[in-house]
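**Q** Structure below; questions to follow.
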Amino acid sequence: MIKRKLLIITVLCTLGFNIAAETTSTALPDTTQLLLSYIENDYELKNLTIAAKKTQLSYDATKIDKGFDFSLASGNITVKLSEDGTTISAKPSVKAELPQASNLSASVQTNLSYATDDTSISDTSVSLGVDIISSSTLTNKISLLKAERSVVEAERKLGKRVLSAEKEFYTELKTLLSSINSIMSAKEDLYSDTLEFEKIKIQGYSKASSTYRKAELKVITDEHNIESSLHSFIHDFIVFYKKCGYDIQIDDNTDLMTLVPSDIEVSTPLNILDFDKENYTSIESAKWTYKINSMERSTNKNYSLSATAGYTFDNSTTDSDSIDAGLTGSIGGLSLGAGVSMPVGGTSNYPALNFSISLNPNTFRKNTISKKQDSLTEEQELLAIETAEIDYETLIVETQQKLDSLLWEQKTVQENLLMYEDLERDLAAMYKQGFTTESDYLSAKTNLNSYIVKKVMNQIDLIMYNDDVVMNFIPDNEVTK
């Protein structure tokens, strides 16, 4: 079942929704082609296809953002004009980052000055930085997982829309078949009422009598009902085929049974218990939400520590080359920083030290509130999983009951169909021999046609039942991280 749906998606995406051109014909296309044409003309499916492509592009952009990053910068370039000549200064830099490796970064920067008679380079530094205690690696992973999930969900929506479009197609087709059944039932009423009217005529009732007029009025009403129903049916039938990209011409004289499809797919009913409970859409979605949010909550640390190390050529602070190192950390609302620059090869051996400290008391208070909020959110997520599991058990019962009803209906319709086939065959022979009335024969034929239509409608119900079952689960072959 699912393979057939995936094939439809593949065809639609490959051909760009150009499966069938709009045509005008009196011949009816086969049901499969009609279905594919109906799906082709589904604008929601087209829109979801475009949305899926956009989501994939967003995912690709996220992978770039969270991958290796390299940048070159000139810094501020200053050009000074004077009588002594032109002076140009700049602060170029090069930086490379690898976010998934604990925000590992490397950078080179310098001060460059150019004059007519002199060029100088100062404060050239090479540095490395890395997070020692940080949630950056996990945060980057979460961002990628969310972007990947968006692609998965976009593909799921696309697949489900194919099934929904198929259901809508068969729902409309079933409505048309139901209209055919109603028209045939109305014709049977007309046969019966016409027979009663003829009996009243034979019995010699006056045209002015209430008995005669009532009987005549019933026949007229039956004819009007048939005419009205047939008019509405023709309208709905033409509109339905128009949705499928076909211009069909039919009229009041068209044999309705020629409009009943004989190539409807005979579907084997799916057993919902054959589907993995963990693949139930609501359960899978609730558990994924809990998993990804738990990962996010684990990144909400109130402490961090990072380190830097590097070498600076001609450091203006120490008037020599220097080896530099630094640590920055935070605990709640308290942030601390310390750095040292050790002179190398200069006249002084005294290091240059720098310190920083900041305190925000409200951060401690807000962190306590955030933890309580996270705890309540986690309870909600666990409750959502529990609710989804309860919904699954309810769905099992409802689906099994629905299947039992459809199979019972299938059996009943088939039994009655065989009975009316025998009756119609017998009455046809008797009518030819003059042993039964035309009304009795037409009534038997109408009942036979009615059960032919009901059999097709039951086949449609089984197809839609299978669609419902499949739509409640994610595909078995879907890879979700």
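**Q** Along the three principal axes, how long is the chain when you take its alpha carbons, biggest first, rounded to the nearest angstrom?
**A** 138, 56, 41
**Q** Next question. Amide H of PHE473: which non-local residues (sequence gap of 5 or more, or other chain) have their own amide H closer than 5 Å, using H built in the peptide plane?
**A** Counting only residues 5 or more places away or on other chains, the set is THR281.
**Q** Shifting gears a bit: Provide the net charge surrounding ASP374, with neighbours chosen by a C-beta distance below 15 Å and charges set as Lys +1, Arg +1, Asp -1, Glu -1. Spell out each step's value before the answer.
**A** Numbers: positive: LYS291, ARG297, LYS301, LYS366, LYS371, LYS372; negative: GLU296, GLU378, GLU379, GLU381.
Charge balance near ASP374 sits at +2.
**Q** Pull up all non-local amide H partners of LEU334: gap of 5 or more, or a different chain, and H-to-H distance under 5 Å with H placed in the peptide plane.
**A** ASN360
**Q** To continue, here is another question. Using Cα centres only, tell me the gap between region 442-473 and region 38-70 in whole Å.
**A** The distance from the Cα centre of region 442-473 to that of region 38-70 comes to 38 Å.
**Q** Distances longer than 17 Å among the Cα atoms of region 165-274: what percent of all pairs is that?
**A** 65
**Q** While we're here: If each residue of separation counts as 0.36 nm, what is the full-extension length gain between LEU353 and SER178 once their alpha-carbon separation is subtracted? Present the calculation step by step, with values, prior to reporting the outcome.
**A** Working: separation 175, 0.36 × 175 = 63.00 nm, distance 8.84 nm.
Taking LEU353 through SER178 to full extension adds about 54.2 nm, to one decimal.
**Q** Over region 74-133, calculate the relative contact order: mean separation of alpha carbon pairs under 8 Å at least 6 apart, over the residue count, as a percent.
**A** Normalised by residue count, the contact order of region 74-133 is 28 percent.
**Q** Expressed as an acute angle from 0 to 90° and rounded to the nearest 10, what is the orientation of the C-alpha long axis of helix 43-65 relative to the principal long axis of the chain?
**A** For helix 43-65, the angle is close to 20 degrees.
**Q** Then there is this: Would you kindly derive the ³J(HN,Hα) couplings of region 142-154 from the backbone phi angles with the Karplus curve 6.51 cos²θ - 1.76 cosθ + 1.60 (θ = phi - 60°), listing them in order in whole Hz, with x for Gly and Pro?
**A** 5, 4, 5, 5, 5, 5, 5, 4, 4, 5, 4, 5, 5
**Q** Normalising by the residue count of region 373-481, find the relative contact order in percent from Cα pairs under 8 Å and 6+ residues apart.
**A** It comes to 28 percent, rounded to a whole number.
**Q** Can you return the aspartates and glutamates within cross-link range of LYS207? Criterion is Cα-Cα under 13 Å, with same-chain partners fewer than 8 residues away left out.
**A** Answer for LYS207, where 13 Å is the Cα cut-off: GLU198, GLU216, listed by chain and number.
**Q** Please give the helix 281-298 orientation as an angle from the longest Cα principal axis of the chain, in degrees from 0 to 90, rounded to the nearest 10.
**A** Roughly 10 degrees, rounded to the nearest 10.
**Q** Additional query: So if I take the centroid of the Cα atoms in region 141-183 and the same for region 376-421, what is the distance between those two points in Å?
**A** So the two Cα centres are separated by 19 Å.
**Q** Sticking with this structure for a sec: Taking the Cα centre of the chain as origin, work out the dipole magnitude from +1 charges on Lys and Arg Cβ and -1 charges on Asp and Glu Cβ, in debye rounded to 20.
**A** Values: 46 positive and 69 negative charges, 177 e Å.
Once rounded to the nearest 20, the dipole reads 840 debye.
**Q** Spelling out what I want: for every residue of region 368-375, take phi, set θ = phi - 60°, compute 6.51 cos²θ - 1.76 cosθ + 1.60 (Karplus), and round to whole Hz; glycine and proline get x.
**A** With the stated coefficients, region 368-375 comes to 5, 5, 4, 4, 5, 5, 4, 5 Hz.
**Q** Could you work out the helix-only [θ] at 222 nm for the chain, with each DSSP H run of four or more residues adding -39,500 (n - 2.57) and the total divided by the number of residues, to the nearest 500 deg cm²/dmol?
**A** Mean residue ellipticity at 222 nm (helix-derived): -20500 deg cm²/dmol.
**Q** Given the alpha-carbon gyration tensor of region 74-133, what are the semi-axes of its equivalent ellipsoid in whole angstrom, ordered largest first, with each equal to the square root of 5 times an eigenvalue?
**A** 34, 10, 6
**Q** Same structure, new question: Excluding same-chain residues fewer than 8 positions from LYS371, which lysines have a Cα within less than 18 Å of its Cα?
**A** Of all the lysines, those that pass the test against LYS371 - Cα under 18 Å, at least 8 places apart if same chain - are LYS291, LYS301.
**Q** Also: Between GLU196 and ASN279, how high is the FRET efficiency from 1/(1 + (r/R0)^6) when r is the Cβ-Cβ distance and R₀ = 56 Å? Nearest 0.05.
**A** 0.40
**Q** Could you order the peptides 205-215, 381-391 from most to least packed, using the average number of other C-beta atoms within 10 Å per residue?
**A** Order by mean packing, descending: 381-391, 205-215.
**Q** Here is a follow-up. Measure nothing but the geometry: give the 0 to 90° angle between the long axis through the Cα atoms of 438-471 and the longest principal axis through the Cα atoms of the chain, rounded to 10°.
**A** Around 10 degrees separate the two axes.
**Q** Here's another thing I want to ask about it. Report the Stokes-Einstein translational diffusion coefficient (µm² s⁻¹, integer) for region 325-437, Rh taken as the Kirkwood radius over Cα pairs, at 25 °C with viscosity 0.890 mPa s.
**A** D = 104 µm²/s.
**Q** What FRET efficiency comes out for LEU327 versus GLU393 if R0 is 51 angstrom and r is the Cβ-Cβ distance? Round to the nearest 0.05.
**A** Step by step, r from the Cβ atoms, then E = 0.40.
**Q** Take the residue pairs LYS63/LYS372; LYS54/LYS146; LYS402/LYS445; LYS167/LYS187 and return only those whose Cα atoms are more than 25 Å apart. Please list the in-between numbers first.
**A** Working: LYS63/LYS372 33 Å; LYS54/LYS146 15 Å; LYS402/LYS445 31 Å; LYS167/LYS187 30 Å.
Cα-Cα > 25 Å for LYS63/LYS372; LYS402/LYS445; LYS167/LYS187; rest within.
Readers should treat all values here as calculations from the given coordinates under stated rules, not as data from a laboratory. Please read all numbers here as calculations on a predicted model, not as lab measurements. Using ideal geometry, Cβ is built from the backbone for each residue, glycine included, and neighbour counts are taken over all protein chains shown.
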